[in-house]
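Beneath this line is the structure, given in structure tokens, with notes to follow.
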Amino acid sequence: MAGEDEASTHYTTDDALSRVGFGRFQALVLAYSGVGWIAEAFETMLLSFVGPAVEAEWGVSGAEQGLISSVVFAGMLVGSIAGGVIADRCGRRIAFLFTAVVTGIFGLLSAFSPNYASLLALRFVAGLGMGGGHVLSTWFIEFVPAAKRGTWMVVFHCCWTVGTILEALLAWAVMPRLGWRWLLALSATPCVILLIFFPLTPESPRYLCSRGRTMDATIILERIARMNNKTLPPGILTYNPEKYIETNPSTSETALLIADDHAGIEADTSAKPSGIVTFQALRSKDLIKTSFLLWFVYVANYFAYYGVILLTSELSNGGRQCASVGTHLVQPKDANLYRDVLVTSLAEFPGLLLAALIVDRIGRKMSMGGLLLLCGAFLAPLSVHLGEGLVTSLLFCARTCIMGSFSVLYVYTPELYPASSRNTGVGITSSLGRIGSIVSPLVTVGLVESCRLKEAVFVMDLLLFLGGVASAFFPLETKGCQIQ
């Protein structure tokens, strides 16, 4: 009887969010975090236009042009971990403030680079800020009720595609008239918007609960309820800490998402978890298998995503000649370049729609694995000679599938980690996945330039197949589960 009374007078963050639903408050959070995702898309996609322009102006080699992209991805590799640690130690707001300040300032300073070396240094630091962009997605997901979490996260990832399209249009308008420096400067605009509205952003109530600040979390939940014209559940907000320390042999990965109903209010939840405890949680028996599988699936997704983009650029000429990608893009004012980037970016919208339709119906694992295998199936015919129209259609479908898989992966990853180490876990997995984006240009472009298209397609298909199989081995399906 006492247990029933306690259950009726206490509620969790998930109970509160389910009660207030998705309303005006979450829409504003989505808008703000979406601008952050657009900012990262701007800074990433501009590499397609700045590299050839720099090569033409400063006379750098093709390898030096590629290094401009590589240093950004290297910075993102480090920044992903740094952003995750900051978010779990200092709060989600501080982490995306770090992202906006570093990306915006050094992205803008890149426009004033006097030489090639300074451009590399500034783009690397800008990459550090860009790497922490994943904090915005986990910040948003921590405000969304469990029932529609997958669908709304896919909607959030539409902002990336919107950003790629806007950047292509911006480059089309700016580059022929004003040059690459103006493109770099104007591409920092979304970061400025983030800084202007930063004082209005709330801290994640899940993060506050994980630090024992349940009163502060209650204030934010009350604000959500008022803006959504709803009421909170009766009782007092409580927090059930995750069971990730390996002291109980019966602990399972399910405990990372669904807390023990009888845990009550622990006496030590007010103590701030140290960095050591956070990394111990990630190395625990419950998470180590999941983390290794995530790392591999991230590498496969990153490798295939940028590989499809590079193949699109290389095979865009109807003759299917063995010319280098650098040679194909050497004319930065060629309208075909902007048109090709714009058209291939549009292929991501069907992928996002497909992911939104299936992620909360058939689950994360099956959605992700199926889309990876479909992407490989669409790429396989490219190893033989085909007509230009069929090549374009296959690449369009492959881009659709890999974008859908990426969207599901970004939904699934934060759901697997406990609140106290969520951003650190997401940051490490995303960071290691960047290895795929660094290696993809070297392998794909190198093979295609050597007239070995068949081998390039085989490598991509192999990674996609292994990534699809790995998705089936994840020990937990999180569809509809509460996250703690």
Which one is modelled with the highest pLDDT among residues in region 122-159 that are more than 25 Å from residue 428 (Cβ to Cβ) and not in a loop (DSSP other than H, G, I, E, B)? 122
When you go through 130, 153 one by one, which is the residue that is of a type outside the set (Gly, Ala, Ser), closer than 17 Å to residue 364 by Cβ and surrounded by 24 or more Cβ atoms within 10 Å (Cβ to Cβ)? 153
Go through region 76-103 residue by residue and tally those that are closer than 18 Å to residue 188 by Cα and surrounded by fewer than 24 Cβ atoms within 10 Å (Cβ to Cβ). 4
Checked against (1) more than 19 Å from the chain's Cα centre (by Cα); (2) of a type outside the set (Val, Ile, Thr); (3) open to solvent by 50 Å² or more (accessible area, probe 1.4 Å), residue 119 satisfies every condition except (3)
I need the full set of residues from region 235-260 which are modelled with pLDDT of 50 or more and either touching a strand residue (DSSP E or B) at 6+ places or on another chain (Cβ under 8 Å) or polar (S, T, N, Q) (or both), in order please. 235, 236, 237, 238, 240
Can you go through 69, 118, 113 and tell me which one is more than 27 Å from residue 162 (Cβ to Cβ), in a helix (DSSP H, G or I) and of a type in the set (Ser, Thr, Tyr)? 118
Out of (1) over 17 Å from the mean Cα position of the chain (by Cα); (2) open to solvent by less than 20 Å² (accessible area, probe 1.4 Å); (3) within 22 Å of residue 165 (Cβ to Cβ), what's the single condition that is false for residue 54? (3)
Considering 106, 124, 112, which residue is open to solvent by 10 Å² or more (accessible area, probe 1.4 Å), within 19 Å of the chain's Cα centre (by Cα) and farther than 24 Å from residue 153 by Cα? 124
Residues of region 391-416 classified as more than 16 Å from residue 370 (Cα to Cα), without any contact (Cβ under 8 Å) to a residue 60 or more places away in the chain and among the hydrophobic types (A, V, I, L, M, F, W, C), total: 2
Among the numbered conditions (1) under 21 Å from residue 437 (Cβ atoms); (2) open to solvent by less than 30 Å² (accessible area, probe 1.4 Å), tell me where residue 367 comes up short. (1)
Of (1) at pLDDT below 85; (2) open to solvent by less than 10 Å² (accessible area, probe 1.4 Å), residue 398 satisfies all except one. Which? (1)
Condition set under 19 Å from residue 444 (Cα atoms) and not small (Gly, Ala, Ser), scope region 374-384, selection surrounded by the fewest Cβ atoms within 10 Å (Cβ to Cβ): answer is 384
Cβ-Cβ below 6 Å, separation at least six or inter-chain, first residue in region 64-90 and hydroxyl-bearing (Ser, Thr, Tyr), second open to solvent by less than 10 Å² (accessible area, probe 1.4 Å): which pairs? 80/131; 80/427; 80/430; 80/431
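The values are calculated or read from the model by the stated rules, or taken from the named source; none is laboratory data. This one's a predicted model, so the numbers in the text were calculated from it and none came from an experiment. Cβ coordinates were reconstructed from backbone atoms using ideal geometry, including for glycine residues, and neighbour counts include every protein chain displayed. Side chains included, ligands, DNA and RNA excluded: accessible areas come from the protein's heavy atoms. Shrake-Rupley method; radii C 1.70, N 1.55, O 1.52, S 1.80 Å.
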